[in-house]
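Notes follow the structure.
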Amino acid sequence: MPIAGGTGPVTMAGNVQLLNTEWLGGAVISQLAHPGAPLQYAPRPMAMDMRTGFSLAGAIELGMMAVAGAQMAHFYNVPVSLHGPWTDSMVHDGQSTFERTYMTLMAAYAGANVLVGAGMMQQSLVTSYEQLVIDSEINMTVVRALQGFEADEGRLAMDAIARVGPGGNFVQDEHTLKYLRGERYMPSRLIYRNSRDAWTSAGCPDFEKRANEIARTILKEHEPAPLPEDISRELDKLVRDSMTQLKK
Amino acid sequence: MSNTFEQMQKDLYAGKADEVKAGVQKALAEKSSPQEILEKGLIAGMDQVGRDFKAGDLFIPEVLACARAMHTGLEVLRPLLAETGQGGGRSTLGKLVIGTVQGDMHDIGKNLVSMMLEGAGFEVADLGIDVPPAKFVEAVRSQGPKIVGMAAMLTTTMPVMKTIIEALTQAGLRDKVKVIVGGAPVTSAYAKQIGADAYAPDAATAVDVSRGLAA
């Protein structure tokens with residue numbers, strides 16, 4: 001994870017070249033130590049802020065370098081893990097949401113198999129429940145975008161358009177009922193989509209307050225489904241065996 | 001004469017080390033005293049650099065180039081300052097010992113602070129990274145700095161700063177030196193809690209705060 005301008009060249013090309021070379025070096029060492037060990041390409045390109053010296057998390061160049069890293073991973077045909085929702089902001093504010101949305105979108109469209117960073121803020125020094133709620137929403141939204149939309153005969157809706165005709169509406173048409181679910185992603189209560197009056201009556205809950213309420217509800221009400229007994233045992237064994245292996 | 005200093009400040013600001021060196025030699029030829037060259041040329045130049053860095057107009061690599069240029073000029077002056085007994089050949093602001101505490105390998109921020117302090121006129125002894133408390137104590141004992149600076153990048157290594165302050169107290173050195181702390185997870189509240197004299201959130205502030213401590 002070279003830091004452009006700090007532990008790596010200030011130029012994006014130079015920094016990507018270095019992180020790729022570092023990954024190749026790591027891959028060689030891992031294959032010599034454990035031939036056939038699974039590999040993952042996890043570039044963590046960063047950039048030093050030239051005013052403070054901080055390693056930035058939310059700069060657009062990080063996303064651009066990560067995309068280049070993903071392209072190299074595809075070239076080597078290994079799975080790639082990228083930073084998704086990341087920010088330099090101290091709170092769940094506009095800056096945080098702004099930075100993490102474009103970072104997540106870029107990483108997803110670059111073909112990342114894994115996105116890390118959910119819940120983190122303040123250059124990864126802080127993890128927050130509200131942020132996890134917000135990131136879940138960002139991720140679900142990005143997933144919807146990645147799914148794209150189909151344009152088959154049924155979805156092109158020629159029959160429905162003819163049925164409804166000029167001046168009509170589609171709300172009551174059978175085509176709407178048939179394709180309603182699956183076509184549209186329905187966000188959680190985090191995303192406000194009602195009138196100003198309804199919002200005012202609810203006490204004007206802003207974005208952060210809504211995230212806080214959802215987090216509290218989840219903490220209070222959610223019951224995690226336990227792992228099946230056999231899988232749990234198998235996982236424990238895996239960890240034990242790996243530890244023994246590592247100690248050798 | 002004042003033109004020479006003006007040009008020296010300009011060259012320093014542009015990070016032109018050779019030109020600054022030539023400027024110092026020119027000023028000497030014009031019979032300026034080493035002390036005057038240091039103050040009106042080099043330190044005055046670095047003051048402007050510090051101001052613009054703090055305002056966000058100059059960036060770190062540029063500041064480091066300025067500091068390098070300043071040092072090139074200072075190298076010419078150093079033996080002369082020693083000769084005349086002014087500052088004993090040492091910098092004007094006094095000595096400062098700095099290091100990243102034990103268990104912590106991060107040094108970019110600490111190096112930056114070191115260079116900025118040197119640029120401002122401190123004589124800096126850098127103990128490096130992963131520095132155990134005993135080494136801090138030994139450095140304070142043997143080098144007698146005005147200030148000791150500690151850096152930690154991790155919440156797990158931050159408490160070592162407290163250990164070092166306690167070690168300084170036990171060695172009877174705590175009241176002989178000012179302690180300044182910094183690093184990503186460190187806060188002014190934490191600095192106060194562990195009994196440090198000062199905290200700086202960034203390199204530019206570290207210089208200002210250290211100046212205050214050394215005064």
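The values are calculated or read from the model by the stated rules, or taken from the named source; none is laboratory data. These numbers were taken from a predicted model, which means no experiment stands behind them. Note that we place each Cβ from the backbone using ideal geometry, even for glycine, and neighbour counts take in every protein chain shown. Note: accessible area is taken over every heavy atom of the protein model, side chains too, but ligands, DNA and RNA are not part of it. Shrake-Rupley method; radii C 1.70, N 1.55, O 1.52, S 1.80 Å.
Observations on the model:
- Within the stretch A:184-216, tally of residues that are closer than 25 Å to A:Met90 by Cβ and part of a helix (DSSP H, G or I): 10
- Every residue from the stretch B:51-65 that is open to solvent by 30 Å² or more (accessible area, probe 1.4 Å) and in contact (Cβ under 8 Å) with a residue 60 or more places away in the chain: B:Lys54
- Among the candidates A:Gly14, A:Gly69, A:Gly58, residue that is open to solvent by less than 80 Å² (accessible area, probe 1.4 Å) and outside any helix (DSSP H, G or I): A:Gly58
- Residue check for A:Pro226: outside any helix (DSSP H, G or I) and farther than 30 Å from A:Thr104 by Cα: no
- Of all residue pairs spaced 6 or more apart or on separate chains, those with beta-carbon atoms under 7 Å, a first member in the stretch B:138-152 that is over 11 Å from B:Leu173 (Cα atoms) and small (Gly, Ala, Ser) and a second member that is open to solvent by 10 Å² or more (accessible area, probe 1.4 Å) and part of a helix (DSSP H, G or I) are B:Gly149/B:Val113; B:Ala151/B:Gly109; B:Ala151/B:Lys110; B:Ala152/B:Val160.
- Looking only at residues of the stretch A:1-25 that are among the β-branched types (Val, Ile, Thr) and more than 14 Å from chain B (Cβ to nearest Cβ), we find that the one that is nearest to A:Ala70 (Cα to Cα) is A:Val16.
- Of all residues in the stretch A:21-49, those that are in contact (Cβ under 8 Å) with a residue 40 or more places away in the chain and within 21 Å of A:Phe98 (Cα to Cα) total 5.
- Residue in the stretch A:66-86 that is on the phi > 0 side of the Ramachandran plot, of a type in the set (Gly, Ala, Ser) and under 12 Å from the mean Cα position of the chain (by Cα) present: no
- Residue that is most open to solvent (accessible area, probe 1.4 Å), among those in the stretch A:72-82 that are under 18 Å from A:Met46 (Cα atoms) and part of a helix (DSSP H, G or I): A:Met72
- Any hit, the stretch B:39-49, residues being open to solvent by 30 Å² or more (accessible area, probe 1.4 Å), within 14 Å of another protein chain (Cβ to nearest Cβ), touching a residue at least 12 places away in the same chain (Cβ under 8 Å) and within 16 Å of the chain's Cα centre (by Cα): no
- Test: A:Ala57 is of a type in the set (A, V, I, L, M) and more than 14 Å from chain B (Cβ to nearest Cβ): no
- Among strands (runs of 3 or more DSSP E) entirely within the stretch B:99-215, having at least 3 residues that are farther than 30 Å from B:Asp57 by Cβ and open to solvent by less than 10 Å² (accessible area, probe 1.4 Å) singles out no element at all.
- Apart from one condition, A:Asp159 fits all of (1) in contact with a Phe, Trp or Tyr (Cβ under 8 Å, 6 or more places away or on another chain); (2) surrounded by 10 or more Cβ atoms within 10 Å (Cβ to Cβ); the exception is (1).
- Test: residue in the stretch A:83-90 that is open to solvent by 20 Å² or more (accessible area, probe 1.4 Å) and more than 29 Å from B:Leu112 (Cα to Cα): no
- All positions within the stretch A:28-65 that are β-branched (Val, Ile, Thr) and under 23 Å from the mean Cα position of the chain (by Cα): A:Ile60
- Condition broken by A:Leu115, with the remaining ones in (1) outside any strand (DSSP E or B); (2) away from every other protein chain (no Cβ under 14 Å) satisfied: (1)
- From the list A:Met46, A:Met106, the one residue that fits, being within 14 Å of chain B (Cβ to nearest Cβ) and surrounded by 16 or more Cβ atoms within 10 Å (Cβ to Cβ), is A:Met46.
- Unique match (being within 14 Å of another protein chain (Cβ to nearest Cβ) and either outside any loop (DSSP other than H, G, I, E, B) or not small (Gly, Ala, Ser) (or both)) among B:Glu36, B:Glu62: B:Glu62
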